[in-house]
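Take a look at the structure set out below.
The values are calculated or read from the model by the stated rules, or taken from the named source; none is laboratory data. Quick caveat, the model's predicted, so the values are computed rather than measured. Quick reminder, even Gly has a Cβ in these numbers, built from the backbone with ideal geometry, and neighbours come from all protein chains shown.
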Amino acid sequence: MHTDTERCVRAVQSKDARFDGWFFTAVLTTRIYCRPSCPAAPPKPANMTFLPSAAACQQAGFRACKRCRPDTSPGSPEWNARADTVARAVRLIGDGVVDREGVTGLATRLGYSTRQIERQLQAELGAGPLALARAQRAQTARLLIETTEMPMAELAFAAGFSSVRTFNETVRQVFALTPGELRTRAGGPMPCGRVPVPHRAPGALALRLPYRAPLNPDNLFGHLAATAVPGVEEWRDGCYRRTLRLPHGPGVVALSPQPDHIGCRLSLTDLRDLTSAISRCRRLLDLDADPQAVDTQLSADPLLAPLVRRAPGRRVPRTVDAAEFAVRAVLGQQVSTAAARTHAARLVRAHGEQVQDPDGGLTHLFPTPQALAALDPLALALPRSRRATLTTVIDALADGSLSLGVDGDWDRARAQLSALAGFGPWTVEVVAMRALGDPDAFPACDLGVRRAAQRLDLPRTPAALTARAEAWRPWRAYAVQYLWATDEHPINRPPRPPGAL
């Protein structure tokens, strides 16, 4: 989008927050870059240039605006709607792969040379993988500076920097402030509606996850609460809480919907996992989606239009661990939500790794495929055919022949899933929708979708409904959320507090 100068100028002059993250405005006279919705007076069009990423702005010598804080804008929705090499690379960088494995590790995961990855990212984002990772480290550093009391030397390594000197230089270049000045500003009067951050225990952080409005939290948090596996997930005091398996140790997150952001409380074993934890939480709640594009497309269908007008901004509830979800999808075949939770809870108690929850309530990480590979199929209270399906997918995940990570190719993953015994169209599409993150996944044979089709006078057979849903592409996974919402199932609303009407 950044190449459409006229459209970008209109977005900046109208301070349109819908375009935050799609592009960044670099002001040639001040050498500052902003998000489109920056509250400052818009510069003259002749003084503006537009770049596709914060990393590209920083690489070109621009510093972040102190008013709109462009480094904290939602991510571009483009990378969640694509499964090509660049999109997969962006998702991996967001998960911290470059910090942990370097550019060589990134290229190896994607099956390309480092030169090819550099060239493709530079062409689309105006910055290579190192620059993108550097911009992400700067954002993580700012978050730690403003929300913790960690000594700067420890903080630098927690944010992913290789040395304190590099940390100091990067912060000064990106924010035009020293780390100490950033912390002082955070402790004083807060610009842009921020509030002072109180003292917290080591490893505990509270932050705000931005998103593009509108966001309807009902089906999003309702689904996560209704399907929560005891010990791994819970709904408590208006928050969805769960354990996280992170590269350097376990963590616990609590996520709560707020009018203009998602409240996020993290408790991490190792603060180096902050970047990965944030990335996975954003992916879980589909926070980088573009609801305007989705709802505009779906509203063109006269049968869906009333549903969209009634509750716009529905997101797709995804997952923090694709392998975990694939196992749970098999457990959920042809059974109720409650039964699927019961089966999953038994696996967790028998094979999950125990963790300490500072607030109590959560007890385990969901077991890895390697841990589940040792289970006795006969001990599972499942039909024989489903036991065989479960052990098949566990073995495929454990030996690496099935890849469902953020770097996965959606078409290849679908083919791999379809080749597994017991994986029909419903299981494949549900995994594609919630684990792979494909916005066009469509489980046409899902019971909830078929019930909605009957209510709305849509075709009832999977083949006819799939043909009818061609008009909803490439957002059929979002259409599923609107169809599910026509039912009174608990997935469509978060639990109400005791005594609420």
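Key figures for this structure:
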read-out: Restricting the stretch 230-287 to residues that are of a type in the set (Val, Ile, Thr) and in a helix (DSSP H, G or I), the residue that is farthest from the chain's Cα centre (by Cα); value: Thr275
read-out: Any hit, the stretch 262-285, residues being in contact (Cβ under 8 Å) with a residue 12 or more places away in the chain, closer than 17 Å to Gly75 by Cα and among the acidic types (Asp, Glu); value: no
read-out: Test: Ala138 is outside any helix (DSSP H, G or I), farther than 23 Å from Leu285 by Cα and either at pLDDT 95 or above or not assigned by TED's automatic domain parsing to the domain that holds Pro259 (or both); value: no
read-out: Qualifying helices (runs of 4 or more DSSP H) (wholly inside the stretch 427-501; at least 3 residues being charged (D, E, K, R)); value: 447-456
read-out: Boolean, Leu465 is modelled with pLDDT of 95 or more and either surrounded by fewer than 21 Cβ atoms within 10 Å (Cβ to Cβ) or under 24 Å from Ala81 (Cβ atoms) (or both); value: yes
read-out: Counted residues, the stretch 117-134 - those being surrounded by fewer than 23 Cβ atoms within 10 Å (Cβ to Cβ) and in contact with an Asp or Glu (Cβ under 8 Å, 6 or more places away or on another chain); value: 1
read-out: Checking Asp446 against (1) crowded, with 18+ Cβ neighbours inside 10 Å; (2) within 20 Å of the chain's Cα centre (by Cα); (3) not β-branched (Val, Ile, Thr), the condition it does not meet; value: (2)
read-out: Test: Asp321 is modelled with pLDDT under 95 and either in the same structural domain as Pro214 (by TED's automatic domain parsing) or loosely packed, with under 15 Cβ neighbours inside 10 Å (or both); value: no
read-out: Qualifying position, being among the aromatic types (Phe, Trp, Tyr) and farther than 21 Å from Gly424 by Cβ, among Trp484, Trp475; value: Trp475
read-out: Residue in the stretch 400-412 that is closer than 24 Å to Val355 by Cβ and crowded, with 19+ Cβ neighbours inside 10 Å present; value: yes
read-out: Test for Asp446: is it over 23 Å from Glu324 (Cβ atoms), of a type in the set (D, E, K, R) and in contact (Cβ under 8 Å) with a residue 24 or more places away in the chain; value: no
